[in-house]
1. Being hydrophobic (A, V, I, L, M, F, W, C), open to solvent by 40 Å² or more (accessible area, probe 1.4 Å) and not in a strand (DSSP E or B) is the filter; apply it to the range 4-39 and report the residue that is modelled with the lowest pLDDT.
2. Please go through the range 65-91 and pick out each residue that is at pLDDT below 85 and in contact with a strand residue (DSSP E or B) (Cβ under 6 Å, 6 or more places away or on another chain).
3. Name the residue that is surrounded by the fewest Cβ atoms within 10 Å (Cβ to Cβ), counting only residues in the range 92-106 that are modelled with pLDDT of 90 or more and either in a loop (DSSP other than H, G, I, E, B) or among the charged types (D, E, K, R) (or both).
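The values are calculated or read from the model by the stated rules, or taken from the named source; none is laboratory data. Small disclaimer: the values here were computed from a predicted structure and weren't measured. Counting neighbours? That spans all protein chains shown, and the Cβs are built from the backbone with ideal geometry, glycine included. With ligands, DNA and RNA removed, areas are computed over all heavy atoms of the protein, side chains included. Shrake-Rupley method; radii C 1.70, N 1.55, O 1.52, S 1.80 Å.
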Amino acid sequence: LLLGRFAPTGGLRYMGRTFALPSRQRRGLVPLLTPAARRTGGVDHPWLQPLPAGWSGPFDRPEPLPYVQVEPSLVAEVEVDTAYAHQRWRHQVRYVRVRTDLSVYDVPLVIP
């Protein structure tokens, strides 16, 4: 999963990505994700497609990362280590679970 948090300006900031998910977790997530819609006169998905190489980690992925763009409407609980640089987690994070009890508006904004 590619992970993001909203900024005070309203933009969605890329924070990092998880390790590869086991098939059981992937199957559980699919029905909860909504493909990003192309909006006429609105805002398209805020991240580039493919994700630039430097965004997803220069050491483990030196090339751009193609991905499926979805609506940023799901909150995931993750476990991270203390390596944090350039407003991103430096290492991949561990996905724990979906938090259907939380809205994206419940997650604290990322402050530069």
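1. Just the residues of the range 4-39 that are hydrophobic (A, V, I, L, M, F, W, C), to begin with: 6-7, 12, 15, 19-21, 29-30, 32-33, 36-37.
Going one step further and asking which of them are open to solvent by 40 Å² or more (accessible area, probe 1.4 Å), we end up with 6, 19-20, 30, 32-33, 37.
The next check asks that each one be not in a strand (DSSP E or B); those that pass are 19-20, 30, 32-33, 37.
Numbers: PHE19: 86, ALA20: 88, VAL30: 92, LEU32: 94, LEU33: 92, ALA37: 78.
So the residue we want is ALA37.
2. Within the range 65-91, LEU65, VAL80, ARG88, TRP89 meet the criteria.
3. This residue is ASP101.
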